[in-house]
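The values are calculated or read from the model by the stated rules, or taken from the named source; none is laboratory data. Only a predicted model underlies this, so the values are computations on that prediction, with no experimental measurement involved. Methodologically, a virtual Cβ is constructed for each residue, glycine included, from the backbone with ideal geometry; neighbour enumeration extends over all protein chains shown. Just the protein is used for accessible areas: all its heavy atoms, side chains included, with ligands, DNA and RNA removed. Shrake-Rupley method; radii C 1.70, N 1.55, O 1.52, S 1.80 Å.
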Amino acid sequence: MISQFFVLSQRGDNINVDGVNYFHVKVVGLLFVATTRVNVSPSLVLELLQRIARVIKDYLGVLSEDSLRKNFVLVYELLDEVIDFGYMQTTSTEVLKSYIFNEPIVVDAARLQPLGPAAIFMQGTKRMPGTAITKSVVANEPGGRKREEIFVDIIEKISVTFSSSGYILTSEIDGTIQMKSYLTGNPEIRLALNEDLSIGRGGELANDYRSSYGSGAVILYDCNFHESVHLDSFDMDRTLALVPPDGEFPVMNYRMTQEFKPPFHINCLIEEAGHIKAEVILKVRAEFPSNITANTVVLEMPLPKYTTRASFELEPGVTGQRTDFKGANKKLEWDLEKFVGGVEHTLRAKLTFSQELHANITKEAGPVSMTFAIPMYNVSRLQVKYLQIAKKSSSYNPYRWVRYVTQANSYN
């Protein structure tokens with residue numbers, strides 16, 4: 001039984017204090033927190049918090065401190081229907097429509113800082129309208145009309161660990177096909193994936209990305225589907241049939257453990273330059289096509305604890321790059337606003353220490369970690385071949401948007 005639920009905008013932890021269990025998940029900078037005295041499954045509470053965050057976003061359109069403050073009454077009404085006397089009732093946006101009577105107060109998304117994977121599509125692309133991802137599923141367009149459209153997002157979070165010489169030690173992709181529907185009447189949808197898609201260990205045809213990357217085969221280790229998805233023809237032609245509920249929901253979650261071609265290759269060299277000095281050379285090369293651009297690329301590297309100063313040297317003429325030495329936690333940081341495919345960038349950092357070097361400096365520095373987001377690119381090559389919507393009439397032709405994004409989960 002969940003005794004309390006509330007939203008914070010500060011850091012928190014999963015703890016037990018005086019017999020009370022505290023749970024939290026962080027969604028776009030906000031902490032969704034639940035408390036209980038009962039010994040419940042932590043996975044159940046964390047999944048509930050994620051679903052509550054998704055329902056609130058469906059109704060508000062934008063999930064932020066400002067939108068929560070302005071729509072406090074609506075959020076309270078949602079929580080009152082989702083949880084009754086500490087027990088979960090429903091987290092379906094469609095079901096809740098019958099019980100929610102407050103209208104959302106629209107928050108201008110243009111002045112908000114973009115957060116989360118969907119916000120990546122808002123940054124300077126002409127292929128889809130960025131405002132659509134910040135619309136409420138219950139609010140109409142100006143003039144009372146509703147724009148008929150549907151969004152399908154293939155979001156992949158990759159985890160890669162490289163050795164010091166650049167070889168891949170571990171690699172994994174956690175992906176999701178996410179759908180958000182603004183279609184009236186909930187028509188049936190057919191979504192076709194790669195015909196050569198294989199699932200399970202039996203489909204592992206190759207374990208080396210050098211031989212399998214260009215073969216076209218997509219091999220998933222495992223996957224699961226939303227309850228609304230019908231799999232009658234999935235085994236035959238890899239087609240998913242569903243009647244999408246209102247709001248945002250994951251059509252399919254999948255995991256890929258086969259080796260793949262990583263989007264970035266990192267080289268790091270550390271050389272001693274005297275008794276109390278050293279030089280770090282960081283090289284990063286983008287392995288994806290030149291028509292793709294990565295956003296918000298950040299590299300971090302822990303430095304020896306006795307580092308007192310760091311000076312940086314970037315390539316001549318580069319723009320949109322920032323460097324910083326975090327003295328408090330002895331960390332080097334390199335930010336790149338844009339990273340075009342096929343390009344290599346280099347950073348040189350000259351370090352000054354407070355004491356003479358007595359040990360191998362390479363053992364006290366690193367590892368290098370990297371975060372990034374690459375719109376309209378996915379490593380697994382899983383694709384939506386077509387998105388078919390059941391027609392109500394000959395003139396019915398809603399907008400269809402299929403979008404891809406690759407993000408770093410753990411890239412070291």
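Carbon-plus-sulfur accessible fraction, the range 14-97 (probe radius 1.4 Å, protein heavy atoms only): 54%.
Surface exposure of the range 264-375, expressed per residue as accessible area with a 1.4 Å probe, stands at 51 Å². The slack in the chain from Ala328 to Val243, taken as 0.36 nm per residue of separation less the alpha-carbon distance, amounts to 25.3 nm. The value of relative contact order for the range 291-412, using C-alpha pairs under 8 Å at least six residues apart, is 34 percent.
For the range 21-90, chymotrypsin sites (Phe, Trp or Tyr not before Pro) are listed when DSSP marks them as loop and at most 15 other Cβ atoms sit within 10 Å of their Cβ; the list is Phe85. From the Kirkwood radius over Cα pairs of the range 264-375, Stokes-Einstein at 4 °C and 1.567 mPa s returns a whole-number translational diffusion coefficient of 89 µm²/s.
Between Ser369 and Ser165, the simple label model (points 7 Å from Cα in the Cβ direction) yields a spacing of 2.7 nm.
When all alpha-carbon pairs of the range 44-109 are counted, what percent fall beyond 16 Å? Result: 42 percent of Cα pairs exceed 16 Å. Between their Cα atoms, which of Lys57/Lys338; Lys331/Lys363; Lys338/Lys363 are more than 21 Å away from each other? Those over the limit are Lys57/Lys338; Lys338/Lys363.
Put a dot 7 Å past the Cα of Glu227, heading toward its Cβ, do the same for Glu313, and the two dots end up 6.2 nm apart. Each label was represented as a point 7 Å from its Cα along the Cα-to-Cβ direction; for Asp174 and Leu31 these points are 2.0 nm apart. Set Lys and Arg Cβ to +1 and Asp and Glu Cβ to -1, take the dipole of the range 264-375 about its Cα centre, and tell me which of Ala328, Ile276, Gly342 lies farthest positive. Projecting each Cα onto the dipole axis, the largest value belongs to Ala328.
Listed by chain and number, the aspartates and glutamates whose alpha-carbon sits under 17 Å from that of Lys97, ignoring those within fewer than 8 places in the same chain, are Asp58, Glu77, Asp80, Glu81, Asp84, Asp246, Glu248. Each other residue within a Cβ distance under 13 Å of Lys157 adds +1 if Lys or Arg and -1 if Asp or Glu, for a net charge of -3. For the range 14-97, the dipole from Cβ point charges (+1 on Lys and Arg, -1 on Asp and Glu) about the Cα centre works out to 200 debye, to the nearest 20.
Our estimate of slack between Leu387 and Glu344, defined as 0.36 nm per intervening residue step minus the Cα-Cα distance, is 11.8 nm.
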